[in-house]
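**Student:** Got a structure for you, written out below as structure tokens; questions coming shortly.
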Amino acid sequence: MSPSDDLLTLFPASNRETRIRLAGIVQSYPAGVSLFEQGQPCRMIFGVLSGRVARIARREARSSLMDLVGPGAVLGAEAALAATPYGFTGRAVTGVTVLAMGAAPFLDQFAEDFGFAKDVARHLAQDRAAVFGAWADAKLKTASERLAAWLLAELGHAGEGALAKLPLPKIEIASLMGTTPVYITKAFNDLAAYGVETKGKYVILHDLRRLAAFAAGP
């Protein structure tokens with residue numbers, strides 16, 4: 001696919017001029033590399049074409065993995081629109097391919113192309129809904145319930161009985177769940193009763209239906 005085709009995948013309502021101006025550059029990053037750092041001026045917007053990116057918040061010496069995003073995600077749009085630095089660090093968790101778009105032409109086309117602006121608003125609204133849902137889960141569900149839901153979302157596609165590799169180290173899963181490594185170890189142990197077998201960096205989900213019922217909460 002050409003960069004213009006990639007842009008159309010991310011912003012299907014955009015017009016031809018937008019697809020030409022924002023075709024950008026397709027770039028690949030290996031796992032562990034940061035696409036951008038929190039606090040840097042927002043000069044590029046990144047549309048994720050393949051792979052997974054972690055959004056990481058930092059406060060002085062502390063950091064927390066907020067969530068993972070994959071193909072179809074658009075990173076940096078909110079900073080460009082608000083004229084602020086990046087509000088988080090974007091780090092490749094797997095090998096990642098992105099469409100990199102300049103912030104200045106992005107803002108120009110946002111003002112001129114109504115269809116493109118609608119697509120950007122849709123991305124931002126979906127992202128806000130996902131973040132709000134995660135906040136609600138953090139308030140209303142136990143760490144074990146949140147971990148169960150996350151395992152189903154990340155690894156359920158492998159099917160029952162399949163040996164699947166965790167996409168993150170357990171210490172980062174703990175950060176993602178908003179808890180400590182000690183409590184995430186306890187959560188994995190709790191899930192053994194619901195068919196989750198842990199083998200180091202790998203897990204086997206033996207009973208998806210039972211695990212889903214537990215993840216839904218009481």
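The values are calculated or read from the model by the stated rules, or taken from the named source; none is laboratory data. What you see is a predicted model; the values in this text were computed from it and never measured. Every residue, glycine among them, receives a Cβ derived from its backbone with ideal geometry; neighbour counts consider all protein chains shown.
**Student:** Taking helices (runs of 4 or more DSSP H) that do not extend beyond the stretch 100-199, which have at least 1 residues that are of a type in the set (Ser, Thr, Tyr) and closer than 14 Å to PHE214 by Cβ?
**Tutor:** Hits in the stretch 100-199: 143-155.
**Student:** When the stretch 186-209 is examined, which residues are found to be surrounded by fewer than 16 Cβ atoms within 10 Å (Cβ to Cβ) and either within 25 Å of ALA136 (Cα to Cα) or not aromatic (Phe, Trp, Tyr) (or both)? Before the answer, list the steps.
**Tutor:** Just the residues of the stretch 186-209 that are surrounded by fewer than 16 Cβ atoms within 10 Å (Cβ to Cβ), to begin with: 186, 189, 192-193, 197-202, 206-207, 209.
If the condition is that a residue be surrounded by fewer than 16 Cβ atoms within 10 Å (Cβ to Cβ) and either within 25 Å of ALA136 (Cα to Cα) or not aromatic (Phe, Trp, Tyr) (or both), then LYS186, ASN189, ALA192, ALA193, GLU197, THR198, LYS199, GLY200, LYS201, HIS206, ASP207, ARG209 are the ones that fit.
**Student:** Within the bounds of the stretch 58-67, is there any residue that is surrounded by fewer than 20 Cβ atoms within 10 Å (Cβ to Cβ) and in contact with a Pro (Cβ under 9 Å, 6 or more places away or on another chain)?
**Tutor:** In the first step, residues of the stretch 58-67 are kept if they are surrounded by fewer than 20 Cβ atoms within 10 Å (Cβ to Cβ); the result is 58-64, 66-67.
In the following step, the residues that additionally are in contact with a Pro (Cβ under 9 Å, 6 or more places away or on another chain) were identified as none.
Scanning the stretch 58-67, I find no residue that is surrounded by fewer than 20 Cβ atoms within 10 Å (Cβ to Cβ) and in contact with a Pro (Cβ under 9 Å, 6 or more places away or on another chain), so the answer is no.
**Student:** Here are some residues: VAL48, VAL53, VAL33. Which one is outside the structural domain of GLU154 (by TED's automatic domain parsing) and in contact with a helix residue (DSSP H, G or I) (Cβ under 9 Å, 6 or more places away or on another chain)?
**Tutor:** Matching residue, one of VAL48, VAL53, VAL33: VAL48.
**Student:** Another one. Checking HIS157 against (1) more than 30 Å from ASN15 (Cβ to Cβ); (2) touching a residue at least 40 places away in the same chain (Cβ under 8 Å); (3) not hydroxyl-bearing (Ser, Thr, Tyr), which test does it fail?
**Tutor:** Result: HIS157 passes all but (2).
**Student:** Can you name the strands (runs of 3 or more DSSP E) wholly within the stretch 1-54 that have at least 2 residues being in contact (Cβ under 8 Å) with a residue 60 or more places away in the chain and surrounded by fewer than 14 Cβ atoms within 10 Å (Cβ to Cβ)?
**Tutor:** Output list reads 25-29.
**Student:** Of everything in the stretch 49-66 that's among the aliphatic types (A, V, I, L, M) and in contact with a strand residue (DSSP E or B) (Cβ under 9 Å, 6 or more places away or on another chain), which residue is nearest to GLY39 (Cα to Cα)?
**Tutor:** ALA57
Residue-wise test of (1) within 20 Å of GLY76 (Cα to Cα); (2) out of contact with any helix residue (DSSP H, G or I) (no Cβ under 6 Å at 6 or more places or on another chain); (3) not small (Gly, Ala, Ser).
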site	(1), (2), (3)
ARG122	yes, yes, yes
ASP127	yes, yes, yes
VAL131	yes, yes, yes
LYS139	no, yes, yes
THR142	no, yes, yes
ALA148	no, no, no
LEU151	no, yes, yes
LEU155	no, yes, yes
ALA158	no, yes, no
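**Student:** Please go through the stretch 73-92 and give me each residue that is within 10 Å of the chain's Cα centre (by Cα) and outside any strand (DSSP E or B), ordered by number.
**Tutor:** Hit for the stretch 73-92 is ALA73, nothing else.
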